[in-house]
1. How about the range 26-49: which of its residues are buried (at least 16 other Cβ atoms within 10 Å of the Cβ) and touching a helix residue (DSSP H, G or I) at 6+ places or on another chain (Cβ under 7 Å)?
2. Return the residue satisfying two criteria in turn: it lies in the range 60-115 and is surrounded by 10 or more Cβ atoms within 10 Å (Cβ to Cβ), more than 24 Å from the chain's Cα centre (by Cα) and at pLDDT 80 or above, and of such residues it is farthest from residue 30 (Cα to Cα).
3. What pairs come out if I take residues in the range 67-95 that are over 21 Å from residue 36 (Cα atoms) and pair them with residues that are part of a strand (DSSP E or B) whose C-beta lies under 9 Å away, six or more apart or interchain?
4. Quick one: count up the residues across the range 50-69 that are farther than 16 Å from residue 18 by Cβ and touching a helix residue (DSSP H, G or I) at 6+ places or on another chain (Cβ under 8 Å).
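The values are calculated or read from the model by the stated rules, or taken from the named source; none is laboratory data. Since we're looking at a predicted model, the values are computed, not measured. As a convention, Cβ positions derive from the backbone with ideal geometry for all residues, glycine included, and neighbour counts pool all protein chains shown.
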């Protein structure tokens, strides 16, 4: 179970590492789109756009529904939520580290002012 969760996170972050796919996710966050609509903002063929869409679909970030010859894509928000929860855990860690650094810097600054 843990291995599957980690593998899925790897796939999600890999999918989101590409700027084209991130923009596709952003577009889908606004509304469902056809494959053609997803490809339109990019200077690429439908075949190239389909490869990006398949990567997103493989991770579960995107769900494709076929209506006749039209492929309608929608965002699966719960998959983004899983990645967000993972990031939030580490955000807390780094926030604590940065808070400690800020305290130390202020302490050093105060010590310097007292010397002069």
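1. Hits for the range 26-49 are 27, 33, 35, 38, 39, 49.
2. If we take residues in the range 60-115 being surrounded by 10 or more Cβ atoms within 10 Å (Cβ to Cβ), more than 24 Å from the chain's Cα centre (by Cα) and at pLDDT 80 or above, then 106 is farthest from residue 30 (Cα to Cα).
3. If the second residue must be part of a strand (DSSP E or B), the pairs left are 79/62.
4. 3
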